[in-house]
Amino acid sequence: MIKKRAFKTTLLALPDGAYDVHFQHKRYGLIKSTHLQGALVKLYAKQLGGNDFISLNYYPQLKEGLKPCEMPQSKVIDFVLGLTKD
């Protein structure tokens with residue numbers, strides 16, 4: 001539960017837009033957008049020069065609001081908590 005709270009805080013603190021981040025010594029192009037007056041947050045990150053990606057929808061008002069796109073929930077949580085911005 002603590003990890004999910006930290007995930008929510010970290011995700012919502014990321015600015016909307018497109019920018020580069022690092023995760024586990026790899027560089028990713030990240031796009032974050034907020035929709036429906038904050039009721040939906042979308043995040044997509046693609047490893048630059050590689051084939052890894054992260055994709056999720058997050059509904060902050062729902063108890064189980066994290067909806068990863070075709071990947072384990074743990075992967076997107078670890079990515080958001082472990083990324084660093086350039």
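Side notes on the structure shown:
- Label-point separation, Cys69 to Gln24 (7 Å along Cα→Cβ), nm: 2.0
- Extension gain for the segment Tyr59 to Thr84, taken as residue separation times 0.36 nm less the Cα-Cα distance, is 6.7 nm to one decimal.
- Entry note, the chain: the mean residue ellipticity at 222 nm calculated from DSSP H runs of n ≥ 4, each adding -39500 (n - 2.57), is -7500 deg cm²/dmol after division by the residues and rounding to the nearest 500.
- Seen from Leu14, the other residues with C-beta closer than 12 Å to its C-beta sum to a net charge of +3, counting Lys and Arg as +1 and Asp and Glu as -1.
- 10 Å-binned pair-distance histogram of segment 1-50 (Cα, whole percent): 23, 47, 27, 2
- Environment charge at Lys63 (Cβ cut-off 14 Å; Lys +1, Arg +1, Asp -1, Glu -1): +3
- Segment 52-78-segment 17-46 distance, computed between alpha-carbon centres (Å): 12
- The angle between the Cα long axis of helix 73-82 and the main principal axis of the chain comes to about 70°, on a 0 to 90 degree scale.
- Charge dipole (Cα centre; +1 on Lys/Arg Cβ, -1 on Asp/Glu Cβ; no other charges) of the chain amounts to roughly 220 debye.
- Helix 2-13 vs. the chain, principal-axis angle (Cα, 0 to 90°, nearest 10): 80
- The shape of the chain can be summarised by an equivalent ellipsoid whose semi-axes, obtained from the alpha carbon gyration tensor, come to 20, 14, 12 Å from longest to shortest.
A short reminder: the numbers here are calculations on the coordinates, not readings from a lab. Note that the structure is a prediction, hence the values are computed from the model and not measured. Cβ atoms come from the backbone with ideal geometry, glycine included; neighbour counts cover every protein chain shown.
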